[in-house]
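Each remark here refers to the structure printed beneath this line.
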Amino acid sequence: MTKKQQSMHVNRITRHYRDKSGAERVYVSSLLRRTYRDSGKVCHETLANLSALPDAAIDALQAVLKNKTLVVAGEGLEITRSLPHGHVAAAAAMARKLGFPDILGPPGKERDIAYGVILARVVH
């Protein structure tokens, strides 16, 4: 028994049913399958039922199995603005070390808002 030329693919199966009232129902199943030859005979093996996945995920899997690149690194994205954040963390850490939040009053939503506004002004 020799197994050669294996390939994986997504197989979409569409079934049409008509109920007693005459309404037609369409069921679509998406299966991940492996196809191979066994002694000259083509065989199929179902690896997973993908029917519960959204169509976009199934399409992406199909593209990957066809060796297509979905998004090339560095392409399709453009950085329009980059904001540094390390100085904000440093200012917040120093304010906490000095006990600044306790000066503003008891813990609560209002204190957190005031603390954030003051830190924003300091950093700006």
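Listing for the model above:
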{"read-out": "Selection count where residues are loosely packed, with under 12 Cβ neighbours inside 10 Å and either in contact (Cβ under 8 Å) with a residue 60 or more places away in the chain or not charged (D, E, K, R) (or both), scope segment 45-63", "value": "6"}
{"read-out": "Yes/no for LEU77 being in contact with a helix residue (DSSP H, G or I) (Cβ under 7 Å, 6 or more places away or on another chain), part of a loop (DSSP other than H, G, I, E, B) and surrounded by fewer than 12 Cβ atoms within 10 Å (Cβ to Cβ)", "value": "no"}
{"read-out": "Scan of segment 1-44 for residues that are free of Cβ contacts under 8 Å to residues at least 12 places away in the same chain and open to solvent by less than 80 Å² (accessible area, probe 1.4 Å), ordered by number", "value": "ASP19, GLY22, ALA23, GLY40, VAL42, CYS43"}
{"read-out": "Residue selected from segment 22-74 under the condition at pLDDT below 90 and polar (S, T, N, Q), by the criterion nearest to MET8 (Cα to Cα)", "value": "ASN67"}
{"read-out": "Complete set of residues in segment 87-124 that are free of Cβ contacts under 8 Å to residues at least 24 places away in the same chain, open to solvent by less than 50 Å² (accessible area, probe 1.4 Å) and under 33 Å from the mean Cα position of the chain (by Cα)", "value": "GLY116"}
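The values are calculated or read from the model by the stated rules, or taken from the named source; none is laboratory data. These figures come from a predicted structure and were not determined experimentally. A quick note on method: Cβ atoms are made from the backbone with ideal geometry, for glycine too, and the neighbour counts reach across all protein chains shown. Calculation scope for accessible area: heavy atoms of the full protein, side chains included, ligands and nucleic acids excluded. Shrake-Rupley method; radii C 1.70, N 1.55, O 1.52, S 1.80 Å.
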